[in-house]
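Take a look at the structure set out below.
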Amino acid sequence: MRLRPSLVAVVASLSLVACSSWNPFAAGDGKLAALKPVRNPVRTAEIWRASVGDSGAFVLQPALAGDAVFAAGRDGKVVKLQGGKIVWKTDVGVTVSGGVGSDGQLVLVASPKGDVIALDGASGQIRWKVKVNAEVLAAPAVSDGIVVVRSADSRLFGLEPGNGKQRWVYQRATPPLALRSSAGVVLDDKLILAGFPGGKLAALNPANGSLMWEGTVAIPRGATELERVADITSLPVMSARATCAVAYQGRVACFDMSNGSTLWTRDLSSSRGLDVDERHVFVTDEKGAVHALDLSNGASAWKQDQLAGRSPGRPRVIGGYVIVGDGFGDIHVLRRDDGTLVGRSRVVSSAITADPQRAGSDVVVQTQNGTIYALGVQ
């Protein structure tokens, strides 16, 4: 991130607005409305619970591979869990600020000083450690013979999975003012998707890091640099029909997967993120409302605004429901078809800053204080 000294204080303030899970009252007036009772709630059941180190000021994500869950705390402890039981625990010897990424074979974390560390998924032994010479806040991604690390200055590094050797670097010009973000990349065997400051979504070739296509999610507007912040600070999503992304102070936009042509856009600001199913795009806006938009044209299907002021995070589709964690440790269950609140669960009173992860029909959640648990919704 390239900032003039006079803008440092502005960025610190804006980071709290954009990543409001660290500031639960950012979207409201400081008065937290009481949660309304849920009538005839669906049953939620804790399947297992474990503890890793707390995340501190970082956003650490659990990674799922098969029946294993890999997680880390900022203190450098990385664990493998199966059924909530610790299979192995490894101290990587550095502060962890980015992680966890895994394909089951390789487990990856990164540090504020640019250390990228790969562990063996079966044994937990450290396989290699390299530096990318930049702060890393996002979970590294690994798939089909490539490791992709995103640094805080929005460079992407393609590394060899076997030894960490750098294969390529992708870098682009960024605005003078940008939000700090823990969002990494979406990676599969055909492309890498990454959102950038300035509202651009890029699709890259995993083999060499070359640009395949670029789409415009948001266009910076305004008289000041602060007003022109229009950054993609959450992961894009892919479906068989389209890929979609959302920008802070910007729009939701969906693109043709093959060439990046714009299918539709819709004015809506979000730093929290979105998810998609075969019919809808689900997105949490800056005021804390959860929206369902028609995947084919962006038209509104429903809006749920009862979570305003609670700093709800990225929505995740689990079966017939949409799951949303908030800044107070509650998991909210919305009916996917109409957005009705039909369930609620609180395991611990700690902010849920990481994205809930799908585990079949269950969800795995990591809280800011290091509690990690699997929750079933029936």
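The values are calculated or read from the model by the stated rules, or taken from the named source; none is laboratory data. This one's a predicted model, so the numbers in the text were calculated from it and none came from an experiment. Cβ placement follows ideal geometry from the backbone for every residue including glycine, while neighbour counts extend to all protein chains displayed. For the accessible areas, the whole protein counts, side chains as well, though only heavy atoms, and no ligand, DNA or RNA atoms are used. Shrake-Rupley method; radii C 1.70, N 1.55, O 1.52, S 1.80 Å.
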(request) Only one of these is touching a Cys at 6+ places or on another chain (Cβ under 8 Å) and either crowded, with 18+ Cβ neighbours inside 10 Å or in a loop (DSSP other than H, G, I, E, B) (or both): T174, T233. Name it. (result) T233
(message) Given the criteria of a type in the set (S, T, Y), within 21 Å of W302 (Cα to Cα) and without any contact (Cβ under 8 Å) to a residue 40 or more places away in the chain, does S269 qualify?
(response) yes
(message) Need the failing condition index for T353 against (1) at pLDDT 95 or above; (2) surrounded by 21 or more Cβ atoms within 10 Å (Cβ to Cβ); (3) not in a strand (DSSP E or B), just the number.
(response) (1)
(message) Please return the ranges of strands (runs of 3 or more DSSP E) entirely within segment 83-125 where 1 or more residues are open to solvent by less than 50 Å² (accessible area, probe 1.4 Å) and of a type in the set (D, E).
(response) 115-120
(request) Identify all residues within segment 160-181 that are closer than 21 Å to T353 by Cα and either of a type in the set (K, R) or at pLDDT 95 or above (or both); write none if there are none. (result) R180
(request) Considering only segment 250-264, state which residues are of a type outside the set (A, V, I, L, M), more than 18 Å from L204 (Cβ to Cβ) and surrounded by fewer than 19 Cβ atoms within 10 Å (Cβ to Cβ). (result) T262
(message) Scan segment 204-216 and tell me whether some residue there is surrounded by 14 or more Cβ atoms within 10 Å (Cβ to Cβ), of a type in the set (V, I, T) and in a loop (DSSP other than H, G, I, E, B).
(response) no
(request) Would you mention how many residues in segment 253-309 are assigned to a loop (DSSP other than H, G, I, E, B) and over 25 Å from S345 (Cα atoms)? (result) 15
(message) Any residue in segment 125-140 that is free of Cβ contacts under 8 Å to residues at least 40 places away in the same chain and farther than 17 Å from Y170 by Cα sitting within a Cβ distance under 6 Å of a residue that is part of a loop (DSSP other than H, G, I, E, B) and not hydroxyl-bearing (S, T, Y)? List the pairs, counting only those 6 or more apart or interchain.
(response) W128/N163; W128/G164; V130/G164
